[in-house]
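For reference, the structure discussed in these notes is given below.
The values are calculated or read from the model by the stated rules, or taken from the named source; none is laboratory data. Not measured: the values here are computed from a predicted model. Cβ sites come from the backbone with ideal geometry, for glycine too, and all protein chains shown count toward neighbours. Surface areas here come from the heavy atoms of the whole protein model, side chains and all, with no ligands, DNA or RNA. Shrake-Rupley method; radii C 1.70, N 1.55, O 1.52, S 1.80 Å.
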Amino acid sequence: SIPIGQSLFHFVMGGGGPVGVLSVNVRGARALVTKSFSGKCRAYCTVCFENQTCKTKVADNSIHPNWDETFAFDIFAGPAQQLTFSVWEKGPFPNQDECLGTLAIKLDFSQEFSEEREHPLVLSGKGESQISLFLQFSRTE
């Protein structure tokens, strides 16, 4: 049987317990391209890693949102893994949110790291939006 909180993927990839923790701080974004007539944006960011998705709060009325939210993910032994960010504009009605841009980062957990920087978003339209992140991996072994 698989212990609670661990997926079959983790066991197939060669591990029992986690080998470390990935801390992801989504600082904010700048120069978002809104679809709104007002020029203001109600934006949030989703962070996807393996089978987990986390979401920041909605930052109202800004094309330069500041979220400063941190999410932690247990890291299990295995190959390099991808972390995906999507910045969304909250729609006026449920299920009408629109993706403003995405970023995919391939991470190698063979050694500890700590990095803070802005990354360009791959946009669905024109513009040069950025997302500001702080990523840190610490081993628990």
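General observations
- Across segment 100-120, the qualifying residues are those that are of a type in the set (A, V, I, L, M) and over 12 Å from the mean Cα position of the chain (by Cα), and the one among them that is nearest to Ala31 (Cα to Cα) is Leu100.
- In segment 107-134, residue surrounded by the fewest Cβ atoms within 10 Å (Cβ to Cβ) [restricted to those that are polar (S, T, N, Q) and touching a residue at least 60 places away in the same chain (Cβ under 8 Å)]: Ser132
- Here the condition is being within 21 Å of Thr53 (Cα to Cα), touching a residue at least 12 places away in the same chain (Cβ under 8 Å) and not acidic (Asp, Glu); of Thr140, Thr102, it holds for Thr102 alone.
- All positions within segment 1-53 that are open to solvent by 60 Å² or more (accessible area, probe 1.4 Å), assigned to a loop (DSSP other than H, G, I, E, B), of a type in the set (Ser, Thr, Tyr) and at pLDDT 75 or above: Ser38
- Top-ranked residue in segment 84-106 [being hydrophobic (A, V, I, L, M, F, W, C) and in contact with a Leu (Cβ under 6 Å, 6 or more places away or on another chain); ranked as farthest from Gly20 (Cα to Cα)]: Leu100
- Checked against (1) open to solvent by less than 20 Å² (accessible area, probe 1.4 Å); (2) of a type in the set (S, T, N, Q); (3) closer than 19 Å to Val19 by Cβ; (4) out of contact with any Lys or Arg (no Cβ under 8 Å at 6 or more places or on another chain), Ser138 passes all but condition (1).
- Residues (polar (S, T, N, Q) and either assigned to a loop (DSSP other than H, G, I, E, B) or buried (at least 18 other Cβ atoms within 10 Å of the Cβ) (or both)) located in segment 54-70: Thr56, Asn61, Ser62
- Among the criteria (1) touching a Pro at 6+ places or on another chain (Cβ under 8 Å); (2) open to solvent by 70 Å² or more (accessible area, probe 1.4 Å), the one Leu103 does not fulfil is (2).
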